[in-house]
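A.B. asks: Before I ask anything, let me first share the structure, which is written out below as structure tokens.
The values are calculated or read from the model by the stated rules, or taken from the named source; none is laboratory data. No experiment lies behind these values; they were computed from the predicted model shown. Every residue, glycine as well, gets a Cβ built from its backbone with ideal geometry; the counts of neighbours run over all protein chains shown.
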Amino acid sequence: MTKSRKLILIYQKLYKSFGPQYWWPGETPLEVMVGAILTQNTNWQNVERAIVNIKKAKALDARELCRMPHERLARLLRPAGYFNIKARRLKNFLRFYLDSYGANMRKMRAINTEVLRGQLLSVNGIGEETADSILLYALNKPVFVVDAYTKRFCFRHGLILKDSDYQEVQRFFTQNLESSVQLFNEYHALIVRLAKEYCFKSKPKCAVCPLRTDLVHHGQ
């Protein structure tokens, strides 16, 4: 079986088991970008609480958040954890967004994907996963997002080596799947769902995994 065929079979099985995930949750591209930064080192429920705080303060606006005093922003972000660090990182991104694109999402979206990715990675506090989440989920760029769940899942199914780095895992997907925003979006969201419900870091539920009939689960 080719790698491409194997990936498609996995996707079909996950989609049949879980259905569409409607990810990334967010009412606007800006909210998605803010969420991508806040979700570093925490769970989504905590991020949602922080975003609710921002909305209650009527501050979900790039300029408003950028000019907000650090202490106030940090208080709003407290539920997301590491709130002082995240307040700085969010402001770093917002300054880039304002200085480079005037908070114009359409202008930002028009930039070449690789060029824009490089710009995002140059922002202090924005790593590969966060940059790619912004590109895919907020800007509708066909970029496959890799996280710890993706690496764990891929290794357990013999798709990658254990020490594969971010770019190696990403290339595995992009070289073996059609370049599609919708497919990349849904596939990554399904992997996250699988990891949270079955493919745990320790004691994975391999015996009842939705993929158990299609693939050998190593349970490592």
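A.B. asks: For residues in the range 87-130 being surrounded by fewer than 16 Cβ atoms within 10 Å (Cβ to Cβ) and of a type in the set (Asp, Glu), which is nearest to Met68 (Cα to Cα)?
C.D. replies: Ranking the candidates gives Asp99 first.
A.B. asks: Separate question: Among the residues of the range 173-185, write down those that are surrounded by fewer than 20 Cβ atoms within 10 Å (Cβ to Cβ) and either under 17 Å from the mean Cα position of the chain (by Cα) or under 21 Å from Gln21 (Cα atoms) (or both).
C.D. replies: Thr174, Leu177, Glu178, Ser179, Ser180, Val181, Gln182, Leu183
A.B. asks: Within the bounds of the range 128-151, is there any residue that is at negative phi, of a type in the set (S, T, N, Q) and assigned by TED's automatic domain parsing to the domain that holds Asp99?
C.D. replies: Scanning the range 128-151 turns up at least one residue that is at negative phi, of a type in the set (S, T, N, Q) and assigned by TED's automatic domain parsing to the domain that holds Asp99.
A.B. asks: Considering only residues that are more than 19 Å from the chain's Cα centre (by Cα) and farther than 17 Å from Leu190 by Cβ, look in the range 156-171 and name the one that is surrounded by the fewest Cβ atoms within 10 Å (Cβ to Cβ).
C.D. replies: Of everything passing the filter in the range 156-171, Asp163 is surrounded by the fewest Cβ atoms within 10 Å (Cβ to Cβ).
A.B. asks: Moving to a separate point now. Looking only at the range 98-129, which residues are of a type in the set (S, T, N, Q) and touching a Leu at 6+ places or on another chain (Cβ under 8 Å)?
C.D. replies: Thr113
A.B. asks: Okay, next question. Please verify whether the range 75-90 includes one or more residues that are farther than 23 Å from Lys56 by Cα and part of a helix (DSSP H, G or I).
C.D. replies: no
A.B. asks: If you don't mind, there's one more thing I want to ask. Would you check which residues across the range 131-172 are part of a helix (DSSP H, G or I), touching a Leu at 6+ places or on another chain (Cβ under 7 Å) and closer than 15 Å to Leu194 by Cβ and list them?
C.D. replies: Of everything in the range 131-172, just one residue is part of a helix (DSSP H, G or I), touching a Leu at 6+ places or on another chain (Cβ under 7 Å) and closer than 15 Å to Leu194 by Cβ, namely Phe153.
A.B. asks: Buried (at least 20 other Cβ atoms within 10 Å of the Cβ) and among the basic types (Lys, Arg) - does that describe any residue in the range 77-86?
C.D. replies: Yes.
A.B. asks: Suppose we keep only residues that are of a type in the set (D, E, K, R) and assigned to a loop (DSSP other than H, G, I, E, B) within the range 31-62. Which one would you say is farthest from Ser133 (Cα to Cα)?
C.D. replies: Lys58
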